[in-house]
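Since the structure comes first, as structure tokens, the remarks are kept for the end.
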């Protein structure tokens, strides 16, 4: 995996990500390419990599954390298994609740994404 940052955007389908995203993970999670195993167990090989995922859901899942939100947990698990240094899932939740809720959720996401990008690229330019 030659990229330093993986950016993905997809909807939440039935509490998780769509099948095509699972297909992507199945294609890139290859032993001795993105992970390995040994006497101490599994180890990710993507140590300097970062991932940001941007997703949208019709319902609310963030506050309080909802046990039906398998998307965020699974995204973190997949990238952690490969050893990614930073994983930032961003969820635009409640797109079907109301226009006001949708606008507020999107505004929160825009700010969250900007903070992530600023942190990642400010750290690179100063470090």
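So for region 31-38 (the condition being modelled with pLDDT of 95 or more, crowded, with 16+ Cβ neighbours inside 10 Å and over 13 Å from the mean Cα position of the chain (by Cα)), does at least one residue qualify?
Checked against the condition, which is being modelled with pLDDT of 95 or more, crowded, with 16+ Cβ neighbours inside 10 Å and over 13 Å from the mean Cα position of the chain (by Cα), region 31-38 yields at least one hit.
Tally the residues that are surrounded by fewer than 16 Cβ atoms within 10 Å (Cβ to Cβ) and part of a helix (DSSP H, G or I), restricting the search to region 77-111. Spell out the reasoning first.
To start, the set of residues in region 77-111 that are surrounded by fewer than 16 Cβ atoms within 10 Å (Cβ to Cβ) comprises 77, 80, 85-86, 96-101, 103-104, 106-108, 110-111.
Checking the rest, the ones that are also part of a helix (DSSP H, G or I) come to 77, 80, 99-101, 103-104, 106-108, 110-111.
Residues meeting the conditions: 12.
Quick check on my filter: what residues within region 38-73 are closer than 13 Å to residue 94 by Cα and in a loop (DSSP other than H, G, I, E, B)?
57, 58, 59, 60, 61, 62, 63, 66, 69
Could you please tell me which pairs satisfy a Cβ distance under 8 Å, a separation of 6+ or placement on different chains, a first residue in region 57-69 that is under 13 Å from residue 14 (Cβ atoms), and a second residue that is at pLDDT below 85 and part of a loop (DSSP other than H, G, I, E, B)?
69/62
So if I check each of 45, 74, which one is touching a residue at least 12 places away in the same chain (Cβ under 8 Å) and either under 17 Å from the mean Cα position of the chain (by Cα) or exposed (fewer than 13 other Cβ atoms within 10 Å of the Cβ) (or both)? Working first, answer last.
On the way: 45 fails: either under 17 Å from the mean Cα position of the chain (by Cα) or exposed (fewer than 13 other Cβ atoms within 10 Å of the Cβ) (or both).
The conditions single out 74.
For residue 50, are the conditions met, namely being modelled with pLDDT of 95 or more and in contact with a helix residue (DSSP H, G or I) (Cβ under 7 Å, 6 or more places away or on another chain)? Spell out how you get there, then give the answer.
On the way: modelled with pLDDT of 95 or more: yes; in contact with a helix residue (DSSP H, G or I) (Cβ under 7 Å, 6 or more places away or on another chain): yes.
So residue 50 fits the description; yes.
The values are calculated or read from the model by the stated rules, or taken from the named source; none is laboratory data. Computed from a predicted structure; not experimentally measured. Virtual Cβ from ideal backbone geometry, glycine too; neighbours counted across all protein chains shown.
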